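We did not get these values from a lab; they are worked out from the coordinates using the rules stated. Note that the structure is predicted; figures quoted are calculated from it, not measured. Heads up, the Cβs are rebuilt from the backbone with ideal geometry, glycines too, and the neighbour counts pull from every protein chain shown.
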Amino acid sequence: IVGDGGLAVHLGELASLGGSGAWCVVLIFNDSGYGVLRNMQKANGFAQAGVDLYTPDFDLLAQSLRLPFWRVRGSGQFDQALAEALAVRRPAVIEIDVTALDPAPGAFVPPVHIPGRNH
């Protein structure tokens, strides 16, 4: 399980996985950026900066690495995508388009201590 921002700095690992043949399904939660950092900035009253990313087309990326790929754009699509990805019994990629899903009830914001702002 990885976000698109986290995967962006580790694309080489995806290539290594493809070459290894290890039976693994990579779940990419794509919100076009560093979602947790975006939520932290918003929750603490900061302007959004450095959190929106240009993300690759993960389908084309998976194809270039010869990895089977599924894109999930609705909550009803995940179970089938996961079953199919597990059935290939080799590395596979599922991208979950977070922006296409219903909004989450609350954004995840880890506890943050900001000197001078927290008491």
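Does Gln41 satisfy being buried (at least 16 other Cβ atoms within 10 Å of the Cβ) and either of a type outside the set (Lys, Arg) or in a loop (DSSP other than H, G, I, E, B) (or both)?
Yes, satisfied.
Under 7 Å between Cβ atoms, which residue pairs at least 6 apart in sequence (or on different chains) link something in the range 46-73 that is at negative phi with a partner that is part of a loop (DSSP other than H, G, I, E, B) and exposed (fewer than 13 other Cβ atoms within 10 Å of the Cβ)?
Note: pairs meeting the criteria are Pro68/Val88.
Taking the range 45-85 only, how many residues are surrounded by fewer than 12 Cβ atoms within 10 Å (Cβ to Cβ) and of a type in the set (A, V, I, L, M)?
The total comes to 4.
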